[in-house]
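Quick one: the structure is below, questions incoming.
Each reported figure results from applying straightforward, stated rules to the coordinates on display, with no laboratory input. Remember, predicted model here, so these are calculated numbers, not experimental data. Neighbour counts are summed over all protein chains in view; Cβ atoms, including those assigned to glycine, are modelled from backbone coordinates with ideal geometry.
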Amino acid sequence: MYKYLSKLGFLALMIFSISVSAEILNKDAIPEKIKAQLIKRHPDAVEITAEKKVHFAQELYEVFFTVNKEKIIELYRPDGHFYAKAQQVESIFLMVPGSEKNLKAAFNDVVVKESIMVANPNSSGEEYDLLITSGGKNWSVIVDGNGNVVKKSED
């Protein structure tokens, strides 16, 4: 049993330590199934871009767009199905106790440039998708609802 748990822990550590640079996809690079669903839901959507993300252990596309001058963020599964809405928040430090301490432990100096909250549509909880600068570099960071740094990758 101990060997099984240690292997499982090692595997989880490996998955979370893999870093992939976030790539902004323009409208033409977004999978057709996602674009079709987005246009069906929001026929007036413009300025459409997306990023591949992992939230709640699921590969998703975080899609950014504008409708009537309102900026909207939605998440879609790779098969095109809508997953959840997300919203930009002013400060993760006000929303998630412990997040500032944990971010400062993971990075020397932290400036949060963008903070997006994603609520789990399948159960309780949320994750925060952050764009930060530290040491002169840009980082994409996922923080869970308890303030723990779940994933980080250099942009």
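Hey, which of these cross-link pairs are over 18 Å Cα-Cα: Lys27/Lys71; Lys27/Lys113; Lys33/Lys151; Lys104/Lys151; Lys27/Lys52; Lys101/Lys151? Show your work: numbers first, answer last.
Details: Lys27/Lys71 15 Å; Lys27/Lys113 24 Å; Lys33/Lys151 27 Å; Lys104/Lys151 14 Å; Lys27/Lys52 13 Å; Lys101/Lys151 16 Å.
Over 18 Å Cα-Cα: Lys27/Lys113; Lys33/Lys151.
Which net charge results when you count Lys and Arg as +1 and Asp and Glu as -1 among the other residues whose beta-carbon is under 12 Å from that of Lys69? Numbers along the way, then the final one.
Working: positive: Lys71; negative: Asp44, Glu47, Glu70.
With Lys, Arg at +1 and Asp, Glu at -1, the net is -2.
So for Glu23, Glu70, fewest C-beta neighbours within 10 Å to most, what's the order? Write down the numbers at each step before the final one.
On the way: Glu23 10, Glu70 7.
So the residues, fewest neighbours to most, are Glu70, Glu23.
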